[in-house]
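Notes follow once the structure below has been shown.
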Amino acid sequence: MALAHFRIDPSKPVLIAFSAFLCALIFLPLSWLVYFSVTDNAGALTPNNFIQLVSDPTLLQPLLTTVQLALGVGLICSLVAPPLAWLVARTDMPLRGWVRVLVTASLVTPPFLGAIAWEILAAPNSGILNQWYRALFDLDPYASLLNIYTRFGLVFAISCYTFPYVFVLVANALDRIPADLEDASAVLGGGAWYTARRVTIPLVLPAILAGTLVALLQAMTLFGSPAILALPAGFHTMTTKIWSLFQYPPKPGLAAAASLPLLLITVVLLRTQHRLLRRRGYSIVGGKHGAPRLLHLGGWKWPAILLCLLVLGSSVLLPYAALIKTAVVKQPGEPLSWANLTLHHIDFVFFEFSATKLALYNTFVLGVLTATLGTALALVIAYLTARQLVWGHRVLGFLATAPIAIPGIVMGVAIFLSYTRPPLVLYGTLWILLLAFLTIELPAGYQQLQSAFRAIHPELEEASRILGANRLQSLWHITAPLLRSGVIATWCFIFIGVIRELSAAILLFTADTKVVSTIIYDLNESGDLGAISVLGLTMLVVTFAVVILANRLPVLGASAPGRS
Amino acid sequence: MKTGVNRGSRFTAMLAIALIATSSAFAAAPAPTAVTPELVKKAQQEGKVVFYTSVDVAVAEKVAKRFEARYPGVTAQIERAGSERIFQRLGQEYGSKIYVADVVNTSDAAHFIHWESQGWLAPYVPEDVAKYFPPEHKDADGTYATWRVTLSPIAYNTKLVKPNEAPKSFADLLDPKWKGKIVKAHPGYSGTIVTSTFQVARDLGWDYFEKLSKQSVMQVQSSTEPPKKLAQGERAIMADGNEYNLFLLKEKGAPLEAVYPTEGTPLITSPAAVLKNAPHPNAARLFQSYLFSAEAQQLLIDAGGLRSVHAQTKEKAGRTPLSKIKVMKDDAAAVEKEVETIKSRYAQYFGV
């Protein structure tokens with residue numbers, strides 16, 4: 001009896017260590033943020049930043065714009081992505097493998113690169129699509145069909161690169177739903193639509209909600225696309241406004257205060273999500289189950305393919321066609337012709353531009369390190385919160401989600417403030433970028449793994465523990481293999497997130513620690529579209545290679561091919 | 001091409017002349033320094049120089065390549081960003097005691113006044129600066145000098161606007177027929193535009209910008225962008241932007257034409273200086289000397305489309321000579337004092 005009391009569960013110290021690291025990672029920058037929002041330049045306590053925030057119309061208007069923007073993007077993503085995911089996961093639509101590949105391509109595309117591509121396509125006068133429109137109908141030189149420099153243009157350009165978050169989560173959830181449940185409904189006389197409404201949709205609802213939440217928050221905190229599209233349109237979003245507050249003379253206090261409403265909105269959204277899902281159980285992976293049955297589309301396959309073509313044409317096919325064209329022509333505005341072809345941009349990027357090699361190397365190293373550490377961290381936190389193992393698991397879950405509400409720019413400053421003074425002087429090294437990326441990417445990883453964990457009933461772990469395994473052993477042997485596709489998807493998510501990240505990196509990079517996104521931004525500032533296109537296409541190829549490799553690696557004890 | 005770098009036997013004589021020339025004019029400036037074999041040797045031991053610059057990246061890389069060819073064993077690393085970004089980055093790095101940059105150049109001369117007052121710049125006068133640069137283009141304390149000059153003119157796309165219909169002055173831009181057809185850069189992001197906004201507001205009044213803002217102007221960030229938007233045909237007219245990008249694009253065949261407004265064209269001087277805490281102090285000085293040599297200055301003109309105030313350089317055929325253009329007066333000290341007002345008034349009118 002006394003002996004049993006002394007048996008140590010080795011999982012406890014591991015869990016505590018992880019929790020402590022997480023607290024430090026999130027709390028340190030967050031407390032600097034709060035400190036800066038309530039003090040003036042001399043360090044004295046002051047409410048002035050908040051007074052200015054609510055009284056200054058040039059600060060309130062961007063906040064309103066940002067909320068509209070986020071809601072617009074959330075709406076579009078939640079309407080477009082789930083049907084697409086359902087078509088891919090549950091029907092016999094032709095080319096559905098390609099749809100997954102193209103959605104992944106859209107996911108790995110940095111939103112600011114997409115925004116630049118859409119500038120090339122739909123700027124009111126020089127946009128390729130508008131040129132075609134004029135040529136087709138023989139209109140005067142200023143007639144235009146599309147104008148990307150508008151509020152809707154911005155919502156559209158962001159949605160193109162945010163909907164994959166919803167798609168991937170919903171598609172993975174659909175993959176995990178056992179066919180038994182849907183079959184049961186069908187056996188009991190439920191038609192296809194009834195089964196979808198009463199069984200399938202409720203089961204993937206957490207994934208839809210989680211995905212929409214990620215999309216919404218991404219839209220709210222995105223910096224690159226607004227910086228490229230909103231300024232020519234003549235308006236500010238909260239992030240571009242905050243960025244302008246760091247221009248000389250910098251007002252970090254006001255910027256910190258301006259970011260707190262975004263944090264508040266996130267807390268409210270997360271509470272709402274929690275309340276919506278609280279009363280329902282969503283464990284769907286219990287014992288054995290069969291493979292999902294595919295719905296026969298018949299004649300409906302044509303509208304289905306058309307929908308996919310519309311979505312993927314907007315987010316991948318057209319933009320990349322525009323980038324490829326821009327990469328090989330002298331003047332982006334000129335039509336494609338032999339006389340206009342050039343290898344100059346390719347030559348410039350790889351042989352003249354001294355930053356290319358270093359930036360590619362840094363991006364790759366940071367991507368792999370952040371993805372590996374971030375997945376491990378997110379896995380532990382998701383486990384703790386899903387199984388409610390430690391006291392304060394809810395706080396832990398909140399901490400892991402909080403960074404998503406902080407614009408990367410503000411996070412960049414907060415992290416800058418945290419790691420430029422003893423004991424941790426990391427500015428000028430890759431470590432500070434690693435910490436920044438880890439903090440910023442954690443929420444996406446956590447959300448993803450949390451919904452994966454929710455789908456796995458603890459009964460399997462419990463069975464293993466009853467048979468004598470300790471918590472870590474049962475995690476490794478039982479839960480991990482079940483989570484394999486979720487974990488790999490998370491790793492890829494974070495890796496891609498690092499490739500896409502711009503707003504924090506732009507404040508934290510130095511001469512020796514530049515990354516691809518920062519050099520693309522610098523090139524855009526001076527309008528070097530050809531060089532940007534070459535770099536963007538290179539990044540796409542590298543990222544794709546890494547994602548494919550990650551899905552082939554025999555990790556987590558499974559030899560089955562990955563499903564995402 | 002002439003070479004303005006004086007070395008070897010002439011060095012002592014040059015030094016003596018320069019000493020006399022400058023010591024009378026600038027009491028506080030240090031004696032001009034020529035490039036000695038000893039300096040080159042020390043620079044080669046350091047092996048590298050880091051140059052923070054806002055000049056067009058292709059131009060910067062060309063200068064670097066030419067420097068490396070002339071002084072083998074010293075690599076020039078280019079860190080190109082917009083002027084205001086460089087200002088922010090340097091401030092951020094120095095605030096954390098991180099000293100990466102050796103030589104710095106931005107298009108906002110007011111930055112140098114600020115940096116000098118912070119004590120971040122090292123007094124250093126290259127021989128060419130002492131000999132060939134007019135007094136108004138070098139700092140009295142010998143810490144910086146005008147590395148390059150450009151203008152911020154009006155321009156139009158010749159496919160969209162006929163020459164006889166093109167605007168001739170800033171006032172012409174307020175004509176309703178240009179509504180929705182103008183592009184311009186932003187003073188919050190571009191050092192060139194801070195300077196040009198100051199000069200235009202001073203000479204024409206803020207009133208001009210208030211009226212211009214009603215013309216549905218397309219707003220971009222860097223001053224290098226309006227010429228590129230013009231070349232793409234995205235807008236027909238640019239209200240401000242770099243003259244050097246206009247030249248480079250036009251000479252590559254883009255349908256562009258510069259207009260030097262009758263009220264005067266804003267003059268943008270862009271200094272360069274050696275940083276006091278440069279990690280490669282000798283390479284920094286060698287590089288600074290090279291930047292101001294006749295060879296590098298001529299390169300800026302020929303390959304960069306820029307203007308030079310070096311007495312031995314030649315303007316390129318086909319470009320309007322600087323002497324034929326009515327320019328507005330630059331006043332970096334006033335810009336330094338008024339920069340916040342400039343940005344906030346601008347934001348008030350243009351909404352961004």
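Readers should treat all values here as calculations from the given coordinates under stated rules, not as data from a laboratory. Keep in mind that this is a model prediction, so the values were computed, not measured. Counting neighbours? That spans all protein chains shown, and the Cβs are built from the backbone with ideal geometry, glycine included.
Values computed for the structure shown
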item: Other-chain or far-sequence residues with amide H under 5 Å of B:E257's (modelled H); result: B:Y156, B:T158
item: Residues B:K41 and B:S216, FRET efficiency given R0 of 60 Å [Cβ-Cβ distance, rounded to 0.05]; result: 0.50
item: Rounded to whole Hz, the Karplus (6.51, -1.76, 1.60) HN-Hα couplings of the stretch A:140-150, x for glycine and proline; result: 6, x, 9, 6, 9, 8, 10, 9, 6, 7, 9
item: Length gained when the stretch A:F21-A:R151 is fully extended (0.36 nm per residue, less Cα-Cα span); result: 42.8 nm
item: Helical segments meeting 30 Å axial Cα length and Kyte-Doolittle 1.6 threshold in chain A (DSSP H); result: A:11-37, A:529-552
item: Given charges at beta-carbon only (K, R positive; D, E negative), |dipole| of the stretch A:139-285 in Debye; result: 660 debye
item: Long-range amide H partners of B:R148 with built H, under 5 Å; result: B:S270
item: Tilt relative to chain B, helix B:332-350 - C-alpha long axis, 0 to 90 degrees, to 10; result: 30 degrees
item: Neighbouring partner chain Cβ atoms per residue of B:221-234, average, 10 Å criterion; result: 6
item: Whole-angstrom Cα spans of the stretch B:227-309 along principal axes, big to small; result: 47, 28, 22
item: Equivalent ellipsoid dimensions for chain B as semi-axes, Å, which come from the Cα gyration tensor, largest first; result: 36, 21, 18
item: Environment charge at A:L482 (Cβ cut-off 10 Å; Lys +1, Arg +1, Asp -1, Glu -1); result: +1
item: Integer Hz, Karplus 6.51/-1.76/1.60 couplings in order for the stretch B:66-75, x for Gly and Pro; result: 5, 5, 5, 5, 6, 10, x, x, 10, 8
item: Computed over chain B: relative contact order in percent, which uses C-alpha pairs under 8 Å that are six or more apart; result: 26 percent
item: Alpha-carbon Debye profile of the stretch B:154-202, log10 I(q)/I(0) at 0.17 Å⁻¹; result: -0.62
item: Mean projected area (nm²) of the alpha-carbon convex hull when the stretch B:135-289 is viewed from all directions; result: 11.0 nm²
item: Inter-part distance where the stretch A:486-526 and the stretch A:157-186 are each reduced to a Cα centre, Å; result: 28 Å
item: Inter-part distance where the stretch A:315-394 and the stretch A:202-273 are each reduced to a Cα centre, Å; result: 21 Å
item: Under 5 Å, built H, 5+ apart or other chain: amide partners of A:I456; result: A:I284, A:V285
item: Average projection area in nm² (convex hull over Cα atoms of the stretch A:136-272, one quarter of hull surface); result: 13.6 nm²
item: Contact order relative to length of chain A, as percent, for alpha carbon pairs under 8 angstrom and 6 or more apart; result: 21 percent
item: Helix-only CD estimate at 222 nm, as mean residue ellipticity for the protein assembly as shown, using -39500 (n - 2.57) per DSSP H run (n ≥ 4); result: -18500 deg cm²/dmol
item: The stretch A:443-564: radius of gyration and largest Cα-Cα distance (Dmax), Å; result: 19.6, 65
item: Within a Gaussian network of chain B (alpha carbon springs, distance under 10 Å), most fluctuating of B:I301, B:I98, B:I342; result: B:I98
item: Inter-chain Cβ neighbour average for residues B:206-216, partner chain, 10 Å; result: 0
item: Inter-label distance, nm, simple model (7 Å from Cα along the C-beta direction), B:S117/B:A140; result: 1.5 nm
item: Over 28 Å (Cα to Cα) - which of A:K251/B:K179; B:K168/B:K337; B:K65/B:K329; A:K325/B:K252; B:K179/B:K324; B:K62/B:K337 fall in this group; result: A:K251/B:K179; B:K168/B:K337; B:K65/B:K329; B:K179/B:K324; B:K62/B:K337
item: Size of the protein assembly as shown as Cα extents on the principal axes (Å, biggest first); result: 98, 76, 53
item: For the stretch B:173-262, the fraction of alpha-carbon pairs in successive 5 Å shells from zero, as %; result: 3, 14, 24, 27, 21, 8, 2, 0
item: A:R197-A:Y35 pseudo-label distance in nm [points 7 Å out on the Cα-to-Cβ vector]; result: 5.7 nm
item: Part-to-part distance (alpha-carbon centres) for the stretch B:205-269 and the stretch B:149-197, which is given in Å; result: 4 Å
item: Expected-Rg normalisation [2.2 N^0.38 Å, Cα atoms] applied to the stretch B:107-201; result: 1.49
item: Cβ-Cβ FRET estimate between B:T341 and A:N551, R0 fixed at 51 Å, reported to 0.05; result: 0.35
item: Per-residue Cβ neighbour rank within 10 angstrom, fewest leading, A:S259, A:S337; result: A:S337, A:S259
item: Sites A:E462 and A:W300, calculated FRET efficiency, Cβ-Cβ separation with R0 30 Å, nearest 0.05; result: 0.10
item: Gyration tensor (Cα) of the stretch A:300-424, equivalent ellipsoid semi-axes in angstrom; result: 42, 27, 13
item: Degrees between helix B:294-304 axis and first principal axis of chain B (Cα, 0 to 90, nearest 10); result: 30 degrees
item: Rounded to 10°, Cα long-axis angle of helix B:281-291 versus longest principal axis of chain B; result: 50 degrees
item: Debye-sum result for the stretch A:324-370 in log10 I(q)/I(0), which assumes one identical scatterer on each alpha carbon, at q = 0.14 Å⁻¹; result: -0.49
